[in-house]
Amino acid sequence: MEVNVLFDAGLEGVANKVWLCAVAEAVLVAEGQPDAELGIVITGQAKIRELNKLYRGKDQPTDVLAFAMRDNPSDIFFPASEDALDHLGEVIISAEQAAIQAGRHRHSVEREIAILLVHGVLHLIGYDHSELEEEKVMNDRAQAILKHLSRRAP
């Protein structure tokens, strides 16, 4: 299992890197994905808005984006890796949006980032919420993982 974390400039102190890795790893373990690799990027509103516009056609900031390697069209070439890990993709989180939402929900920014990260990793694994039943399954799974994590909070 490998989790890589990148903070855009100026956002290094927003969340603890070790905690972010632990959150992502908890999702991977809970979902039976011990041989997986993923990346986490903590960014700001401008960058996530740009990505949201480019990839989803929505010219507005969002809280989290998940770019799954499995979802990419077959005509896009990704170099093969020599390790045995399943490269799932990237989860991009807006630190600013997480702070706004944390204020609304009256909990810490780090907790909100954990909620967004669990959501994003579940997307990388293949969960979706475009249909009501899918949304229920995904939300139930996220809640179970977050409940387990709350016992291990930093």
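Within the range 63-83, at least one residue is farther than 19 Å from LYS17 by Cβ, at pLDDT 85 or above, out of contact with any Gly (no Cβ under 9 Å at 6 or more places or on another chain) and not polar (S, T, N, Q).
Here are ILE92, ILE40: which of them is open to solvent by less than 60 Å² (accessible area, probe 1.4 Å), closer than 20 Å to HIS148 by Cβ and modelled with pLDDT of 95 or more? Going through ILE92, ILE40 in turn, the sole match is ILE40. Among residues belonging to the range 118-148 that are among the charged types (D, E, K, R) and either open to solvent by 80 Å² or more (accessible area, probe 1.4 Å) or assigned to a helix (DSSP H, G or I) (or both), point out the one that is farthest from ALA30 (Cα to Cα). Going through the qualifying residues, I end up with GLU131. Scanning the range 131-140 turns up at least one residue that is in contact (Cβ under 8 Å) with a residue 12 or more places away in the chain and either touching a Ser or Thr at 6+ places or on another chain (Cβ under 6 Å) or under 22 Å from GLY39 (Cα atoms) (or both).
The values are calculated or read from the model by the stated rules, or taken from the named source; none is laboratory data. What you are looking at is a predicted structure, and each value in this text was computed from that prediction instead of being measured. No Cβ is skipped: glycine too gets one built from the backbone with ideal geometry, and neighbour counts run over all protein chains shown. The accessibility values were calculated without ligands, DNA or RNA, using every heavy atom of the protein model including side chains. Shrake-Rupley method; radii C 1.70, N 1.55, O 1.52, S 1.80 Å.
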